[in-house]
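Working notes, structure below.
Each reported figure results from applying straightforward, stated rules to the coordinates on display, with no laboratory input. Treat the numbers as computed from the prediction; the structure is a model and nothing was measured. Note: ideal-geometry Cβ built from the backbone for every residue, glycine included; neighbour counts use all protein chains shown.
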Amino acid sequence: MPLLLRCSPPASPLPLPLPLLPRRCSSLVRSAAPPGRRPLLPAAAGRVVLGCGLVTLDYLATVDAYPRPDDKIRSGELQVSGGGNAGNALTGAARLGLNTRLISKVANDEIGGTVLSELKEAGIDISHVIISDGGNTTFVYVIIDKQTKTRTCIITSGYPPMIPSDLTMSSLSAALQDVSLLYLDGYSDEMALAVAKQADQMKIPILVDAEPERTREELGGLLSLASYIVCNGKFPEKWTSIPSIPSALLEILLQYPRARFAVVTLGENGCMMLERGKDGENYETEPVDIENVAETLRLKVHKDDILPTCVSSKFMRLTARGPGNIFARLLIGTAESIPASELVDTTGCGDAFIGAVLHGLSTEMPPEKMLPFACQVAGIKCRAIGARSGLPWQSHPCLAKFLC
């Protein structure tokens, strides 16, 4: 670890003049920070997104290939930067113009100081972050395999853990003041549930990042309060025991009737959303098998599209092989087709996606626009090492068509 701490990231090259944009969002279009923080978008002004969850310090190293047992290999690029689901997603949302606030916990060690400094520089309100006297801040070793384009994370958890008694009721009420959307990554399930219950009483919508590593005891209470659910491709089957994603999404919305939509991210295959119909739109129709709807949508996707797109069914009564049905529509979003030469690191792609969804919800972006927008943000992030260095600002040329 000391060797990594002494390694400084290479100096940033001088920015290149922007070329005419090709059909693909070229890596020549840099996401480097502009001088000073960008003003909030008019649609997001006055709205605060509060995140409660994990922040870390990540030690990232690229290798030509993942080592075998007892191997000694040399690293390539080294980087030390902030990480953690909540920290990453809020950084992405802040760069897109949102007013962001954080509840998390660090120790009063050097790592904790570095983490907080980076979050503050990103424009995130850290006044509600708990700083423990003693212990250690969570840190992560990330090994990035340049050959397979995968990453392996080795996490050392922070101590002491974040617990509800860390925040008084008055402090929690202050943290929730003026909040229009709450984001929970599931870290510290007891604290997350306490925050969620208070937010629910205040009629604040809640987005839950449902990770497959969480147990039902840890996540079930949060999902019962969730307005929006976002998960990766492993979660639906693990949670429902249904191998097909469309049918599993339907079961998730049946289990959690307060959820307005559930989205699953699928990496290079984009994403899929099941959106519940609004009250008053639930007229009676003959149930349609959601698997047939999904197959029809897949046939409508243009395989030659390089930039993200979205196809959607109409609202209809959907059913699967099990009991129950729901009035909803299914949407499929495609990912950007990124050349292998431009794909650097997938660390934090899901967090980048969620940061964009937070923006989309806060600015009332329709789902058929929000899904390709979120896929585009994640695609831009893939072109740089680490979870945050590639996150785009709202001024990024490749985002212009979504933010106009």
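For Thr309, nonlocal amide neighbours, meaning residues 5 or more places apart or on other chains whose placed amide H falls under 5 Å from its own, are Thr334. In this simple spin-label model, placing a label point 7 Å from the Cα along the Cα-to-Cβ direction at both Val288 and Ile155 gives a separation of 3.9 nm.
Applying a DSSP loop filter and a limit of 10 other Cβ atoms within 10 Å to the chymotrypsin sites (Phe, Trp or Tyr not before Pro) in segment 236-321 leaves Tyr283.
3J(HN,Hα) along segment 55-69, derived from phi through the Karplus expression 6.51 cos²θ - 1.76 cosθ + 1.60 where θ = phi - 60°, amounts to 10, 9, 10, 9, 10, 9, 9, 8, 9, 5, 7, 5, x, 8, x Hz, with x in place of Gly and Pro. Each residue of segment 364-375 was assigned a 3J(HN,Hα) from its phi angle through the Karplus expression (A = 6.51, B = -1.76, C = 1.60, θ = phi - 60°), giving 6, 6, x, x, 5, 9, 5, 5, x, 4, 5, 5 Hz with x at Gly and Pro. Here the chain yields Rg over Rh of 0.96, to two decimals, using C-alpha coordinates and the Kirkwood radius. Multiplying the residue separation of Ser117 and Asp70 by 0.36 nm and removing their Cα-Cα distance gives an extension gain of 13.2 nm. Among the trypsin sites (Lys or Arg not before Pro) within segment 198-233, those in coil by DSSP and having at most 11 neighbouring Cβ atoms inside 10 Å are Lys203. For segment 191-237, place one equal point scatterer on every Cα, skip the solvent, and apply the Debye formula. What is log10 of I(q)/I(0) at q = 0.14, 0.16, 0.30, 0.33 Å⁻¹? Summing over Cα pairs of segment 191-237 leads to -0.32, -0.41, -1.17, -1.31. Residues in segment 219-231 carry Karplus couplings, in order, of 10, x, x, 5, 5, 5, 9, 6, 8, 9, 10, 10, 8 Hz; the curve used is 6.51 cos²θ - 1.76 cosθ + 1.60 with θ = phi - 60°, and Gly or Pro positions show x.
Averaging Cα coordinates gives a centre for segment 199-275 and one for segment 121-196; these two points are 20 Å apart. Entry note, the chain: the mean residue ellipticity at 222 nm calculated from DSSP H runs of n ≥ 4, each adding -39500 (n - 2.57), is -8500 deg cm²/dmol after division by the residues and rounding to the nearest 500. Free of any GluC sites (Glu not before Pro) that DSSP assigns to a loop and that have at most 13 other C-beta atoms within 10 Å, the longest stretch within the chain is 1-212.
Around Ala86, under 9 Å between beta carbons, what's the net of Lys plus Arg minus Asp minus Glu among the other residues? Once all neighbours under 9 Å are counted, the net charge is -3. Rg and Dmax, both from the Cα atoms of segment 60-114 and both in Å, are 16.3, 47. Close amide-amide hydrogen proximity is noted between Tyr183 and Leu50, Gly51, Cys52, Leu207, each under 5 Å apart and 5 or more residues distant or on a separate chain (H modeled in the peptide plane; Pro and chain starts excluded). Label sites at His302 and Glu342, each approximated as a point 7 angstrom past Cα along Cα to Cβ, lie 1.7 nm apart. Volume of the convex hull of segment 33-189 (Cα atoms only), normalised per residue: 142 Å³.
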